[in-house]
Every structure is written in structure tokens, then in C-alpha cells.
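Q: I'd like to ask you about the structure that follows.
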Amino acid sequence: RRQSNLVRVIWGDNIYQRRAAVGMTKGRLSASAGLLSLRGTVNLDQAFESVRQDGERAIAWHTAAVSNDRDGFLADISRAGGADLEFRLEDPEQAGTIEVKIPLAALRKEGFFHWSKAVGDRVKHPYMQKMGVSPAVFVECDLADTAGPLDVNFAYQDRTAPKSGDYYYLRVEQLNTAKAWSSPVWIKVP
């Protein structure tokens, strides 16, 4: 993996059938030191959604990242300093205020930081309760190498014993959050 200073930050929730008209949220990502620079938006699909640079150390937004719709942006963290990036989301209708500290050293070392939290105490949804799914919000940060190769080779060896009915498939996600996946390969053990 090549080192990158471009991070894709996306957020959203899984609250079933939550609509943009009642799901507008405001937020801010800030660095405690140095510079944090907006480089582009990700998956803004409504004309009323926006992401903007907010001073030298912050990026702010007003979006409707709801019902599994993920919104976000690309940011240059090459000159960001301090221990953490601070993510703050204001979602008064459902989740309340969400504050997440994103450890910069771990993000740079691992290449990602993913966080989620159930908001079941604040959100009651009968369909989701019947399905056994807890309402939750999430934040995902992934380093992105836009100059990286488009073709990738890799190998995977599952060290657990397969059972009949197990399957494998490959799923990919583009920078803009669009996804594709292969048909499954099913395992049949004699």
C-alpha cells in the first residue's frame, strides 16, 4: 500500500426510510493544529447539500446523509497536526450530537478509521425492531490513493475449515461510494 495524505470521510445512518426533508444534519471536521484542506465532495446527490472549507483547520457541511445514503468529502491531511481530527455531527431529529475523535497517527498507519454507534435509545422504528436491526450512525475515514493502479492482484487464504454452504465473493467500492460485487462461489464439502 502506498502512503497517501488524501482521506475520504463519509458518514450516515441506517434508519429505515428516513427522508432528506427530515434528515438534514450539520457537521464539522477540524484539526487541532496545522491545516486541513477540502479537495472535493463525495456523493452529494441533492442540490441543497453542501460541503465547504471553514477556516484553515476545518471543513463544514450541511447534508442529508440518511437511510443508508452516505455523504462526505475528500480532504488533504498532509499538514494536519495534533493527536486527533475532531468529527462533530448535529442531528437534532434522530441521533442528537455525535462527536468522534479520529486518531491521526492510527489513520496514517492503518489507512482507515471506522466508527459506529447504536442510537436505539433515541430512535424507535417498528420495522427495524422486527428485523432485529439497531438504528445506528457511522463515520468512515479511508486513505485514498488517487494515483494508484487501477489493476490489483491479491491472494487470500481462509484458514478456517470450510462447510458446505459457505461462500466467497469479491466486493469493491469506488471513491464515490459506488459498489460492485461478484457472484458468490459456493463451497461444497464431500
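The values are calculated or read from the model by the stated rules, or taken from the named source; none is laboratory data. Quick caveat, the model's predicted, so the values are computed rather than measured. Reconstructed Cβ throughout: ideal geometry from the backbone, glycine too, with neighbour counts over all protein chains shown. Note: areas computed on protein heavy atoms with side chains; ligands, DNA, RNA excluded. Shrake-Rupley method; radii C 1.70, N 1.55, O 1.52, S 1.80 Å.
Residue by residue, here is whether (1) under 17 Å from residue 99 (Cα atoms); (2) at pLDDT below 95; (3) touching a helix residue (DSSP H, G or I) at 6+ places or on another chain (Cβ under 9 Å) holds:
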site	(1), (2), (3)
29	yes, no, no
44	no, yes, no
50	no, yes, no
56	no, no, no
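Q: If the requirement is being modelled with pLDDT under 85, surrounded by 17 or more Cβ atoms within 10 Å (Cβ to Cβ) and among the small types (Gly, Ala, Ser), which of these qualifies: 118, 147, 136?
A: Being modelled with pLDDT under 85, surrounded by 17 or more Cβ atoms within 10 Å (Cβ to Cβ) and among the small types (Gly, Ala, Ser) holds for just one of 118, 147, 136, which is 136.
Q: A further question follows. Just checking, how many residues over the range 101-111 are touching a residue at least 24 places away in the same chain (Cβ under 8 Å), in a strand (DSSP E or B) and either open to solvent by 80 Å² or more (accessible area, probe 1.4 Å) or under 17 Å from residue 3 (Cβ atoms) (or both)?
A: The total comes to 0.
Q: Among the residues of the range 74-100, which ones are charged (D, E, K, R) and surrounded by 13 or more Cβ atoms within 10 Å (Cβ to Cβ)?
A: 76, 79, 84, 86, 88, 90, 91, 93
Q: When you scan the range 156-190, how many residues do you find that are more than 30 Å from residue 42 (Cβ to Cβ) and in a loop (DSSP other than H, G, I, E, B)?
A: Summing the residues that are more than 30 Å from residue 42 (Cβ to Cβ) and in a loop (DSSP other than H, G, I, E, B) in the range 156-190 gives 14.
Q: Additional query: Kindly indicate the residue of the range 23-33 that is open to solvent by less than 30 Å² (accessible area, probe 1.4 Å) and not polar (S, T, N, Q) and also farthest from residue 104 (Cα to Cα) among those meeting that condition.
A: Per the stated criteria, the residue is 23.
Q: Where the second residue is open to solvent by 100 Å² or more (accessible area, probe 1.4 Å) and the first is at negative phi and lies in the range 148-160, which pairs have Cβ atoms under 8 Å and are six or more apart or on separate chains?
A: 148/2
Q: Anything in the range 43-58 that is surrounded by 17 or more Cβ atoms within 10 Å (Cβ to Cβ) and either more than 20 Å from residue 12 (Cα to Cα) or touching a Phe, Trp or Tyr at 6+ places or on another chain (Cβ under 6 Å) (or both)? List them, or say none.
A: 51, 57
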